[in-house]
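Enquirer: Next up is a structure, given as structure tokens.
The values are calculated or read from the model by the stated rules, or taken from the named source; none is laboratory data. It should be emphasised that the depicted structure is a prediction, and the values quoted were computed from it without experimental measurement. Cβ placement follows ideal geometry from the backbone for every residue including glycine, while neighbour counts extend to all protein chains displayed. For the accessible areas, the whole protein counts, side chains as well, though only heavy atoms, and no ligand, DNA or RNA atoms are used. Shrake-Rupley method; radii C 1.70, N 1.55, O 1.52, S 1.80 Å.
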Amino acid sequence: VMAMHKAAHAFIGIQFEKRETSKSYVARVYGHLEPDTGYVDFPLAKDFHNRPCHKVDFEHGKPAYTEWQVMEREENATRVRLFPRTGRTHQLRLHMFALCHPILGDEFYAKGAALAAADRLQLHAQDLSFVHPATKELMTFSVPCPF
């Protein structure tokens, strides 16, 4: 989203800050994620010893919450829809990694077969909804997943 002026930027920014926007992503993760729906609520923090990575940190991390829904199971992967309810850096990557299902092609968190399974990160921002700063209409944008 690109605001046309400072006031519009502030209006949209507040929606993100107050978690009033709606976002969904599609990802392909390593292995078969079970069950068909679920959530992760592991707190996240910067990993100062392994930049630019972050880490799950139950003592000092900030709250992070992600819901998932299985779309399709492939031979060695699962296509999932991810719904971040907070907006932490690397949140979706870390939450899937913490469940032992790293996102395919993730150069920061996937290792071995999960890294080699794709030539790019298999994470796609598919849907975004927010209120337009001038018209106050709910705007929804969708972009088909390229993988």
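Enquirer: Give me the net charge for the shell around Phe48: Cβ to Cβ below 13 angstrom, other residues only, Lys and Arg +1, Asp and Glu -1.
Expert: After counting each charged neighbour, the total is +1.
Enquirer: Something else about it: Between Thr140 and Val1, what is the label-point separation in nm under the 7 Å Cα-to-beta-carbon projection?
Expert: Each label point is offset 7 Å from its Cα along the Cβ direction, giving 1.6 nm.
Enquirer: Enumerate the amide H contacts of Met139 below 5 Å, restricted to partners 5 or more residues apart or on another chain; note that Pro and chain-start residues carry no placed amide H.
Expert: Phe130, Val131, His132
Enquirer: Then there is this: Would you list the P(r) distribution for region 61-109, with all Cα-Cα distances sorted into 5 Å bins from 0 and each bin expressed as a whole %?
Expert: Bins of 5 Å from zero give 5, 19, 31, 26, 13, 4, 1 percent of pairs.
Enquirer: GNM on the chain, C-alpha springs below 10 Å: top fluctuator among Pro52, Pro102, Pro84?
Expert: Of Pro52, Pro102, Pro84, the Gaussian network model singles out Pro52 as fluctuating most.
Enquirer: With θ set to phi - 60°, apply the Karplus curve 6.51 cos²θ - 1.76 cosθ + 1.60 along region 131-147 and write out the HN-Hα couplings as whole Hz, x wherever there is a Gly or Pro.
Expert: Once rounded to whole Hz, the list reads 8, 5, x, 9, 8, 6, 7, 6, 10, 10, 10, 10, 10, x, 5, x, 10.
Enquirer: If I stretch the segment between His9 and Phe58 completely, what's the gain in nm (0.36 nm per residue apart, minus their alpha carbon distance), one decimal?
Expert: Additional length available on full extension: 14.3 nm.
Enquirer: Same structure, new question: What's the angle, to the nearest 10 degrees (0 to 90), between helix 6-17's Cα axis and the longest principal axis of the chain?
Expert: 40
Enquirer: Also, I was wondering about something else. Between Ala27, Ala113, Ala64, which gets the highest mean-square fluctuation from a Gaussian network model of the chain, Cα cutoff 10 Å?
Expert: Residue with maximal mean-square fluctuation among Ala27, Ala113, Ala64: Ala113.
Enquirer: Just give me a number: lysine pairs in region 7-147, eight or more positions apart or cross-chain, with C-alpha atoms less than 29 Å apart.
Expert: 14
Enquirer: Out of these labelled values of mean projected area of the Cα convex hull in nm², [x] 9.9; [y] 8.6; [z] 13.2, which was calculated from the coordinates shown here?
Expert: [x]
Enquirer: Same structure, new question: Please work out the Cα convex hull volume for region 1-74 and give it in Å³ per residue.
Expert: 164
Enquirer: Which order do you get for Thr66, Thr89 if you rank them by accessible area with a 1.4 Å probe, largest at the top?
Expert: I get Thr89, Thr66, largest accessible area first.
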